Amino acid sequence: QEHKEEMIKYYEKNITEKEFIINQKLILVYKESDKWKMLINHPDYELTLKGINLIVRDKVFTPDPKITYSSSFLLKNIPNVENKSVLDLGCGTGVLAIHCALNNAKEVLAVDNNNIALENTKFNLKKNKVENKVQVRESKIFSNVAEKFDIITANLPILDEVWEIDTSTENIVREFLTKCKEHIKEHGKVYLTWASFADISPVRNLLKELSYNYREITEEKMGFTWYVIEISF
């Protein structure tokens, strides 16, 4: 702590083509080529996103805007949730669920199939004093969800190489899009993230196959096109 500012200045001056994350007494330096690995495999560290204070546990997808823009872009485009019921599918650290609870959502359900993520979400709910406003549940996509919601958000895996999963990211998205209509209320909306480092055409083809009414919200960031796909019912 005594040398923190001195160390930060040193790294900023001398470290090129690398980035670093400060975690109290630990400064982690990583190469740009390792950035995608840092989405899941990283030490526990603190992060503040849109005023929400988080602990990001190892093996949990990080919403860190230095590494990915999907979480930030989704937070930027989620509509007014006041008095709305919201499902945060693939909750990870719980940042979306916390945002909705802090903005007076009527009901928030956060689900994930990763037990570490579920515990991480519970920890961050308590950290932000909204643990009584959000229900946390284990579920693989909609396998353990029976309710219907006004808003469903899904920040799902995009790139196969990043995730240690027993299926493809395309199959996950197909299952989500096929079943989401069973869990959305009339006039409800679904928000799905994507990015140009993975082919978006299978997603578009499926949306057309399902005859969904949707629009793409895009932004260029970090050398990629980031998408929030808004589906209206």
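Before moving on, here are some points about what is shown:
- 222 nm mean residue ellipticity, helices alone, for the chain (DSSP H n ≥ 4; -39,500 (n - 2.57); rounded to 500): -7500 deg cm²/dmol
- Å² of accessible area per residue within the chain, as computed with a 1.4 Å probe and no ligands counted: 52 Å²
- The apolar share of the surface of the chain, taken as the fraction of accessible area on carbon and sulfur atoms (1.4 Å probe, ligands and nucleic acids excluded), comes to 45 percent.
- Residues in the stretch 180-218 that a label on residue 140 would reach, taking backbone N under 18 Å of a point 7 Å out along Cα→Cβ: 180
- Cα gyration tensor category, rounded, prolate or oblate, for the stretch 116-197 with a/c compared to 1.5: oblate
- Phi angles of the stretch 123-135 translate, via the Karplus equation with coefficients 6.51, -1.76, 1.60 and θ = phi - 60°, into HN-Hα couplings of 4, 6, 4, 5, 4, 9, 6, 10, 4, 8, 10, 10, 8 Hz per residue; Gly and Pro are given as x.
- Listed values for the stretch 90-97 are Karplus-derived 3J(HN,Hα) couplings in whole Hz (6.51 cos²θ - 1.76 cosθ + 1.60, θ = phi - 60°), namely x, 5, x, 6, x, 4, 5, 4, and x replaces Gly and Pro.
- The alpha carbon gyration tensor of the stretch 57-113 gives principal lengths a ≥ b ≥ c with a/c of 1.5 or higher and a/b no greater than b/c, which makes the shape oblate.
- Fully extended contour minus Cα-Cα distance, from residue 119 to residue 179, at 0.36 nm per residue: 19.0 nm
- Placing pseudo-labels 7 Å out from each Cα toward the beta carbon at residue 126 and residue 215 gives an inter-label distance of 4.2 nm.
The values are calculated or read from the model by the stated rules, or taken from the named source; none is laboratory data. Computed from a predicted structure; not experimentally measured. Reconstructed Cβ throughout: ideal geometry from the backbone, glycine too, with neighbour counts over all protein chains shown. Surface areas here come from the heavy atoms of the whole protein model, side chains and all, with no ligands, DNA or RNA. Shrake-Rupley method; radii C 1.70, N 1.55, O 1.52, S 1.80 Å.
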